[in-house]
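Contents: one structure, followed by commentary.
Bear in mind these aren't lab numbers, they're just calculated from the coordinates by the rules spelled out. Nothing here was measured: the structure is a model prediction, and the numbers come from that model. Reconstructed Cβ throughout: ideal geometry from the backbone, glycine too, with neighbour counts over all protein chains shown.
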Amino acid sequence: MNNAPLGVFDSGIGGLTVARALFERLPKESVIYFGDTARVPYGPKSPDTVRRYSAEILAYLLRRGVKAVVVACNTSTAHALGYLQEHSSVPVVGVIEPGARAAVRATKTGTIGVIGTAGTIASGAYERAIKALRPEARVHSQPCPLFVPLVEEGWFEHPAAELIAREYLEPLKRANVDVLVLGCTHYPLLKPLLARVMGSDVTLVDSAEETATAVSRELERLSLLANGGAHDHRFVVSDDESHFRKVGALFLGEQLKQVEVVPL
Ligand code: DGL
């Protein structure tokens, strides 16, 4: 079991930011990454739909013999993590609790901003996770639905992206947050722009590295760390392999070698 792969999934390409952190933190682990490119975006979809899609992906990854599953998608974590954990025969780790932990560690004033998809913000999952760790924290949340298509287009520094970011982030600046949680897989690619808009007093937190640390701890606790030998990274998408390859290289910072198409 130790040398079985880790399953990582997202609604599409964005979860590669989490995969990248996992590759760096756990270089001996094999990984199967599933991107649901046929049904992305999950952000505007109902909790029931996101739960159903996520359960289908979990079942697929279990059939592929994974030893643990990382839900790299914030929207899936928000709507489906508890459900997936109840229905999985292997451990399932999401991105929200690790992100909340990093935010609580970084804040000095206890005033924390969270941005994410419409679904993630409406679920209140970040707010609950932050308050579970620091009950007196003040959490200001803002959905930023237009950021996902901007990132997919590669418009990380485009004037249109800056205009939209200023509009979305204004209420958080007014609330004087000292930490901004990037509660969506795509937002780390907008980091330089968001840092400029928020100003140098605000710390940006993304959950990718903290999630990789949480996964490493969980594997260690369960004596499931890979113990050497051959390992590989496989990528599976439900549609549009060529777009995934092209944009995925930006998220991962390297070329994607093997990409299979498996419509669920
Ligand atoms: N992966 C999603 C998330 O982190 C963003 C893209 C989508 O809306 O599906 O919330």
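In terms of the Cα gyration tensor, with a ≥ b ≥ c the square roots of its eigenvalues, is segment 55-133 rounded because a/c is under 1.5, prolate because a/b exceeds b/c, or oblate?
prolate
Which order do peptides 35-45, 131-141 fall in by mean Cβ count within 10 Å, highest first?
35-45, 131-141
Using Cα pairs under 8 angstrom and six or more residues apart, how large is the relative contact order of segment 1-137, in percent?
Once divided by the residue count of segment 1-137, the mean separation gives 25 percent.
When a footprinting reagent is the concern and you count Cβ atoms within 10 Å, what order do L150, L16, L222 take, fewest first?
In increasing order of surrounding Cβ atoms, one gets L222, L150, L16.
Taking H placed 1.01 Å from N in the peptide plane, check which residues at least 5 places from A68 or on another chain put their amide H under 5 Å from its amide H.
When sequence neighbours closer than 5 places are left aside, the close amide H contacts are G7.
Return the aspartates and glutamates within reach of K131: Cα separation strictly under 15 angstrom, same-chain partners fewer than 8 residues apart disregarded; answer none if there are no such residues.
Output for K131: E97.
When only C-alpha pairs under 8 Å and at least 6 residues apart count, what is the relative contact order of segment 134-264, in percent?
Relative contact order, segment 134-264: 19 percent.
Once R0 is set to 35 Å, what does the formula 1/(1 + (r/R0)^6) return for the Cβ-Cβ distance between F156 and S223, expressed as a FRET efficiency to the nearest 0.05?
It comes out at approximately 0.30.
Mind checking the dipole of the chain: about its Cα centre, +1 per Lys or Arg Cβ, -1 per Asp or Glu Cβ, Debye to the nearest 20?
Charge dipole, the chain, about its Cα centre: 520 debye, nearest 20.
For K257, give me every one of the lysines with a C-alpha distance below 28 angstrom, ignoring sequence neighbours fewer than eight places off in its own chain.
Candidates past the 8-residue exclusion: K28, K67, K191, K246.
What ranking, highest mean first, results for peptides 164-177, 18-31 when packing means the other Cβ atoms within 10 Å averaged over each residue?
Order by mean packing, descending: 18-31, 164-177.
By its C-alpha gyration tensor, with a ≥ b ≥ c as the square roots of the eigenvalues, how is segment 168-264 shaped: rounded for a/c under 1.5, else prolate for a/b larger than b/c, else oblate?
Oblate is the answer for segment 168-264, as a/c is 1.5 or above yet b/c matches or exceeds a/b.
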